[in-house]
Amino acid sequence: MAYEQILYGVADRIATITLNRPERMNAMPPKMIGEIHDALQQADRDDNVRVVIVTGAGKAFCSGMEMDVLRTPADQVMEQSRDLNQRDPNLKPDFRGAFSYMLALRKPIIGAINGVCVGVGFTCALYFDIRVAAQSARMGIMYPRRGLSIEEGASWMLPRLIGLADAIEMVVTGRIISAREALERRLVTHVYPDEELMDRARELATEIATQCSPVGVAVARRMVYEHMFTDLATAIREDFQELSKLFGGADFREGIKAFLQRRAPNFPGR
C-alpha cells in the first residue's frame, strides 16, 4: 500500500510510523486512520520488526480530527478502519474498534508524543503500549469544549491508565494538560527535551528489540490485554498455560544460554 498521509520505515528491527500532514498539524481524517491501520498490520507481519514507534511530523503529534470530517456523522468517521477489523473473525469484538485492534497485535507500540495531541489523536495514543512525550507536548480529550463527548472506547481505556478521578476530571473539563502533568498522572512514562524525544524513544525501542524475546513479549502483551476482560482465576490459569508452552522453546534456550555466557541474547523469535 502506498501511503499518502503517513511515512513508514524500518531500521534496526524498529518500524517507525510518522503522521505526515505537518501543514495541518497532522489532523487525522479517516484515510490517515486507515493508513495507520495498514502500517501497523504490516509491521506486525514483518519478522524483521520487533517494536513500532508512532510519532508526528513537524510541531504536532495530532491536532484532532480534520475539521471537514467533523461535519460527517460520527458513525461514518471511523468506518474505514473499523471495517477492516470486522473482516477478521479471530478478533474478539473488544479488539475490532478503529484503534482497539492495536491491543491484539504482537509487536509493542511506543508513542513518541511531540507537540499537541488532542481529540482523535489523543484517543489513538491511549491504545499505545508506552507513551513518551516531548516537553512541549500538550494532550487531552477536548471534545466537551466542542459540544461532543468521548469516542472509540476512551471512556474505558483512560480510567484504566490514569485512574477514575483523573479520567473524570479530564473528560468533564476538556482541559488540555502539559507533558509534565501527563507524567504526574502516569499518562506518559517519560518526558524529554523536544530535541531528544526520538532518540530516547529509539533507545527504549532498541532495548526491547535487542534484549527481550519477541515471543515472550508477544505472549505477555496478549495476556495483559486479554485479562483486562476476565477474572483473576482465569488469568492465573492462562498465564501458567502460556508460560509452560515457552519452556524449552528456542527463545527460552537462547535466553538462558546468553545469561550463563554473560552476553547479549540473539533471540530467533520462534
Among the small types (Gly, Ala, Ser) and under 17 Å from the mean Cα position of the chain (by Cα), is that true of ALA167?
no
Here the qualifying pairs (Cβ atoms under 9 Å; residues six or more apart or on different chains; first in the range 184-207 and among the aromatic types (Phe, Trp, Tyr); second loosely packed, with under 13 Cβ neighbours inside 10 Å) come out as TYR192/ASP199
Which pairs do you get when a residue that is closer than 13 Å to GLN42 by Cα, found in the range 100-111, comes within reach of a residue that is of a type outside the set (A, V, I, L, M, F, W, C) and part of a helix (DSSP H, G or I), reach meaning Cβ atoms under 7 angstrom, with the pair 6+ apart or on two chains?
LEU105/ASP44; ARG106/ASP44; LYS107/ASP44
Anything in the range 8-66 that is over 14 Å from ALA98 (Cβ atoms) and in contact with a Phe, Trp or Tyr (Cβ under 6 Å, 6 or more places away or on another chain)? List them, or say none.
ILE17, ALA39
Within the set of pairs 6 or more residues apart or between chains, which connect a residue that is within 19 Å of ASN114 (Cα to Cα) inside the range 7-23 to a residue that is surrounded by 14 or more Cβ atoms within 10 Å (Cβ to Cβ) and hydroxyl-bearing (Ser, Thr, Tyr) with Cβ atoms less than 6 Å apart?
LEU7/THR18; GLY9/THR16; ILE17/TYR8; THR18/THR55
Which of the residues belonging to the range 37-68 are among the basic types (Lys, Arg) and either outside the structural domain of VAL116 (by TED's automatic domain parsing) or in contact (Cβ under 8 Å) with a residue 24 or more places away in the chain (or both)?
ARG50, LYS59
Qualifying residues in the range 178-219 (those that are basic (Lys, Arg) and not in a helix (DSSP H, G or I)) - the one surrounded by the fewest Cβ atoms within 10 Å (Cβ to Cβ):
ARG186
So, VAL51, is that one at pLDDT 95 or above and touching a Pro at 6+ places or on another chain (Cβ under 9 Å) or not?
yes
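The values are calculated or read from the model by the stated rules, or taken from the named source; none is laboratory data. If you're wondering where the values come from, they're calculated on a predicted model, not measured in any experiment. Note that we place each Cβ from the backbone using ideal geometry, even for glycine, and neighbour counts take in every protein chain shown.
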